[in-house]
Amino acid sequence: MMIFGRIRWGDYLFIEPRWWQSERSSNFALRDFEVLDLRSATQALTDIVRKDSKFFRTLHRDLLPHRYTVYPSPGSYEESLENERGLEALVQALGAGYSGHGVPPDFARIYVCRRKRVEHVPAPLPNPWKAANQAVEAARQSPRGYVAVETVTAQGIAVPQVQLEVLLADAQVLTRCTDSSGRVHLEPIPQGTCHILVPELDVSLWKPADGDEPTFTGRTARTRWHVVRQGECLTKIAARYGVNAWQDLWNHADNQALRKIRKSPHVLRPGDHVAVPGVRVYEIVRPTDETHRIEILPFAATIRVRVRVRDRRHTGLAGLRYDLAFMQNGSEVRRAGASPTGDDGLIDERVPVGTSAVAFLFIRPKMRLDFVLSELDPTHDEGTEDLVGSGIQARLRSLGYACDAGSDSTSRAVALFQRDHLGRDESEGLADLETCRKLAELYGV
């Protein structure tokens, strides 16, 4: 039945026109509804017939109380026919025949209203990048300038091929390597300040010549993989990638497989894979329109050279004085030995990382011994126990056994070594793991 001239179903309201006109100004609840035109109202009634037949019969009975109505059984064919007749009667009550596409006329017996659809427009969220974007845009509109960076040693010697990253005020990142004069010049760029980074060098290996000290950017370079070549040891590899300590490479978690097959970090085999951890990236902030100088510091690490001088009877020659010669920056450096050979003829010296060969010049007796650094291969692989012929031959030659690249001379040298140090009088000259371990023990590595 009509309650105060209106019936509710979901978001729809069925109300008599007189109640709509009189209550709409005073009843705030009615302000949320709008009167539907004939087409929309008919569609609403059709949906009610399809979804809620029982409510439709109640609506039909209350809105058209003087119309004769039958009550067939639910779901029957007679009910569907009765619903169609009731729908036609309700459509006529809406003012069909007199209404166009607008609202029903005032003399309609009923209005069909629907709740207004209010779209919720959330308040705009604060943009955390607004200030940064405004600064970038202002930098793009600013006048143009330049910046120059020089990489030199503490003595002022230019250091070429140093990779630099320069972050400009407009958020542009420029990556450049210093030229043969150790200089990078960028122009035109936004005036103001810029961030200068040396992403491939540890911060212990560079510093600004003036101004504030470098600050950590919160960024760490990615881990890289290096394939060992002949003449490389872990110290040289660390220096190549800007890592100051070779221990950082050897103890890296990704080098666990390398540590299983190589007992010494300084005796690697060509083809070995070494994981190089990325360095922590630091930066300096400097004004534009100036030249800034960065000092590249020398590596604290050096290569240790240990030589044992013996006679033919394998007796150490102690007390021999010598001079040490090696190549550095394209020129030969010669320095007197800090002390004569020690007990058992031992020489223990350190040379710069980039040194590839050294020479020991003895005074009495007058002789010269030349050595190529980092060329020694291992005798075998610890994991697979595969023998390395070049490593075995090199140690045999250093211990005084004639051995060249031929297989016959190598077999003779192995047989003699096994007879002298392993007690094998009738050896066939075939190397095995016991021979390799004894070679490494006598040679020292």
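Averaging Cα coordinates gives a centre for the stretch 395-426 and one for the stretch 248-312; these two points are 35 Å apart. Evaluated at q = 0.19, 0.33 Å⁻¹, the base-10 log of the normalised Debye intensity for the stretch 224-271, with identical point scatterers placed on the Cα atoms, takes the values -0.55, -1.61. Counting only alpha carbon atoms, the long axis of helix 130-141 and the longest principal axis of the chain meet at about 70°. Backbone amide hydrogens, once placed in the peptide plane, bring residue 317 within less than 5 Å of 309, 310, 311, 345, excluding anything fewer than 5 places away on its chain.
Normalised by the number of residues in the chain, the average gap of Cα pairs under 8 Å and 6 or more apart makes the relative contact order 11 percent. Computed over the chain, the P(r) curve from all C-alpha pair distances, binned at 20 Å from the origin, holds 17, 26, 14, 13, 15, 12, 2 percent per bin. Here's how it looks for residue 272: its modeled amide H is under 5 Å from those of 228, which are all 5 or more places away or on a different chain. For the stretch 303-372, the Kirkwood estimate of hydrodynamic radius, built from reciprocal distances between every pair of different alpha carbons, is 12.4 Å. Note on the chain: helix-only mean residue ellipticity at 222 nm, from DSSP H runs of 4+ residues weighted -39500 (n - 2.57) and normalised by residue number, equals -7500 deg cm²/dmol. Relative to the longest principal axis of the Cα atoms of the chain, the long axis of helix 53-63 makes an angle of roughly 40 degrees.
Think of the stretch 224-271 as a dipole: +1 on every Lys or Arg Cβ, -1 on every Asp or Glu Cβ, centred on the Cα centre; then among 246, 235, 261, 261 lies furthest on the positive end.
Compared with the dominant principal axis of the Cα atoms in the chain, helix 389-398 is inclined by about 30°.
About the centre of its Cα atoms, the chain shows a dipole size close to 480 debye [charges on the beta carbon of Lys, Arg (+1) and Asp, Glu (-1) only; nearest 20 debye].
Taking the Cα atoms of the stretch 389-443, the ratio Rg/Rh between the radius of gyration and the Kirkwood radius comes to 0.90. Less than 5 angstrom separates the built amide H of residue 380 from those of 388, all sequence-distant by 5 or more or on a different chain.
Values in this text are rule-based calculations from the coordinates and carry no lab data. All of these numbers come straight from a predicted model, not from anything done at the bench. In this analysis, Cβ positions are derived from the backbone assuming ideal geometry, glycine residues included, and neighbour counts consider all displayed protein chains.
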